[in-house]
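Taking it in order: structure first as C-alpha cells, then the write-up.
Bear in mind that the values in this text are calculations on the coordinates, not laboratory data. It should be emphasised that the depicted structure is a prediction, and the values quoted were computed from it without experimental measurement. Every residue, glycine among them, receives a Cβ derived from its backbone with ideal geometry; neighbour counts consider all protein chains shown.
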Amino acid sequence: MLSVVWLLASLILSSSLVVAQDGAISGAQTSPEAAGYNCDASNCKLPTCNCASPNPPGGLKPSEVPQFIVFTADDAVQSYTLDVVNQLLAHRKNPNGCPPKMTYYTSLSYTNYTLVTDWYVAGNEIADHTMTHVGDPPEEEINGNLVTLNALAGIPFSSIKGFRAPFLNYTAGMLERLYKAGFEYDSSASASIPVTDPNTDAYWPYTLDYGMANDCLAVTGTCKGQLKLPGFWEIPMYAFFDKRGNAGSHLMDPWLDTANGNSQVNDAETLEYMKDTFTAHYSGNRQPIGLYTHPIHLALNYPGVSVSNQTGLMINTFLDWAQQQQNVWIVSSAQLLAWTKNPVPVSQLDSFEPLKCSTPAIDSNTKICNGMPKNEEGLLSHCAFPDFPFYTCYGCPVTQPTVQNPNPPQQVPKGRQARFRLPANCSTPFWDPIKGQCLCSSNQCMFSDESRPIGPNGANLTGGGTSGGFNGAPKDPTKYIPFNAAQAHEAALWLALVLCAGALVVVL
Ligand SMILES: [Zn+2]
C-alpha cells in the first residue's frame, strides 16, 4: 500500500516537479581486475593525496575513528524538502553538542532561492547538482548553477566545492569538467560491495591522482589509471545491503526499495538491514554510512499528496539507535572530507574546527536581508514567475535563469534601488544587499571569496555588482563579470555589423 501511495505521489509530483529516482544499483559495480588500481602510498600523502583504501586515513586504528553518517539531499530546495530534513535532523546533536549539518546537492528548477541562502547561513553545505537536472552534464549545466546560486542566493563561489551527477550518471569527461571548474570533490560513485567482503569497494574518500577505483564495470575511461586528476576527491556513496548481501544493495532512498527480494516495501525489514550494515561498518574499518535522500518523497504536507509518516518515523528510529552508540557523528560531505584530509582521533574531535557550531553573531533586531529568517523578515523580493515563483534577497531577475543565461539582468521596481549581490570580500550573513554594505568589522568575520574559472574559455568569475549585465559590459568592470560574456559580446558585435550592413544597403 505504501508503495502505491508513493507511486501515486511520484506521479503527481513528477507532473510539476523534478523528482528524480536516481541512484539504483544492482550488484557489484567494480572488481579488482576492472579497477586495475595501483596507488603509490609513499608518494600519495594527506592532505592533498589519498589512496583508495578501506582502511581509515592517516593510519588510525578503527577504535580511534569516528563513525560518520553522511546526510545528503538532492534536487530542488523548497519549504517541503527542508521540512523533511528538519524532521530528521533538527532535534539532534552531535557528540560536541552542535546541531548536525548536511549537504544539499541543489538543482535550480523549482528551487526557492531564499531558502538556499537560509540553509547555507545555518551552516549547511550547498553543493551543485546542475541547473536543470541532466545526466553527464555539459559545462553550462555545471557552471551555470554556481553563477545563479552566487547571484540569487548569495552563496560564495568558494563554498560550492562539491558535485553530484543527476541520476548518478557521470563520465570521465564530467569529472574533467569539474576539475577544470575548480571543484574539490565529486560524490556520484557507488560503493557497491559490502565491507565484510575482502574485495569491498567501500573506500574512504580518495583523490584521483591514480584514477578511480569505484564503478569500474559501469563507467568507462576512469579506472586503470586512465583518468588522473591530482588532488580531486571522490567521496563514494556507501550502499546498504539486505539479507541477499552483494545482490541486495540499496543506495539512494533505501526506504523506497523493497528489501530481501520481497514484492512490497516493508519499513521493519528496511530498518533491520540499515542497522546490520551500520554495525558491519562500525565494528570494522568504520567507513562512513550514507543517508542519501530525495526529501520530496517523504514530504507530508505537499499539496494534494498524502504520504504516510511511518517511513519518516523509521528513519528517525534508525538515527536514534545509531546515535546511542559511541563516537557517531552526522555530517555533511564537506565535513567528512575535512576530517579525511586531517584525520584527528576521536579524543580530539570536540575541538576539531570543521565540526564546530557555526552561529554568526548578528543581532536579531537588525533588519538585514542576510539569510537569517528573523533579520530578513519583510525584506525579501518575490519573483512571480509562472513555473515556480521564488523569493530572494538579491533582487529578482527580469527572466528566470536558464542554462543559456544563468544571471539575467536585475528587475528593479519603480522608485526602488537595485539590490547589491554578494561581493568577494563579505560573507553572506554580514552582507546587506539593500545598502550594499558589509556589517563585519572584526577579524573573526572577515571573509574573502575566490574567483572560479567558470566563465567563457575558463575566464575567472567574481561575485558582486547589481546585475548580470549579460547583454553588455558591466558598468563597473571590477565587479561581476558576466557568464558567457564572450558570446554576448560576439552577438552584440554581430548585431552591430548587421546594422552597419543594413545602413550600407540603405545608403547604397
Ligand atoms: Zn537528482
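Using Cα-only point scatterers and the Debye equation, what is log10 of I(q)/I(0) for the stretch 295-420 at each q in 0.13 Å⁻¹, rounded to two decimals? The calculated log intensity ratios at q = 0.13 Å⁻¹ are -0.99.
Considering just Cα atoms, how many Å³ per residue does the convex hull of the chain enclose?
Output value, Cα hull per residue: 171 Å³.
Under the membrane-span-like helix rule (DSSP H runs whose alpha carbons stretch at least 24 Å along the helix axis, mean Kyte-Doolittle hydropathy 0.0 or higher), the chain yields 485-507. Structure note, pairs K101/K180; K101/K367; K161/K228; K101/K243; K45/K180; K45/K228: Cα-Cα distances above 24 angstrom occur for K101/K180; K101/K367; K101/K243. Only helical runs count toward this figure. For the chain, summing -39,500 (n - 2.57) over DSSP H runs of n ≥ 4 and dividing by all residues gives -7500 deg cm²/dmol at 222 nm.
Among 174-180, 433-439, the peptide with the highest mean count of other Cβ atoms within 10 Å heads the list, and the full ranking is 174-180, 433-439. Going from the fewest other Cβ atoms within 10 Å to the most, the residues F390, F232, F318, F385 appear in the order F385, F232, F318, F390. Cβ crowding within 10 Å ranks R416, R452 as R416, R452, fewest other Cβ atoms first. Seen from A280, the other residues with C-beta closer than 11 Å to its C-beta sum to a net charge of 0, counting Lys and Arg as +1 and Asp and Glu as -1. Using a simple spin-label model with pseudo-atoms 7 Å out from Cα toward Cβ, A361 and Q226 lie 5.5 nm apart. Given contacts defined as C-alpha pairs under 8 Å and at least six residues apart, what's the relative contact order of the chain, whole-number percent? The value is 19 percent.
At a 10 Å Cβ-Cβ cut-off, how would you order D186, D387, fewest neighbours first?
Result, fewest neighbours first: D387, D186.
Antiparallel as a % of all DSSP beta bridges within the chain, to the nearest 5? Just about 30 percent of them are antiparallel. In the stretch 65-175, Rg over Rh equals 0.98, where Rg is the alpha-carbon radius of gyration and Rh the Kirkwood radius from pairwise Cα distances.
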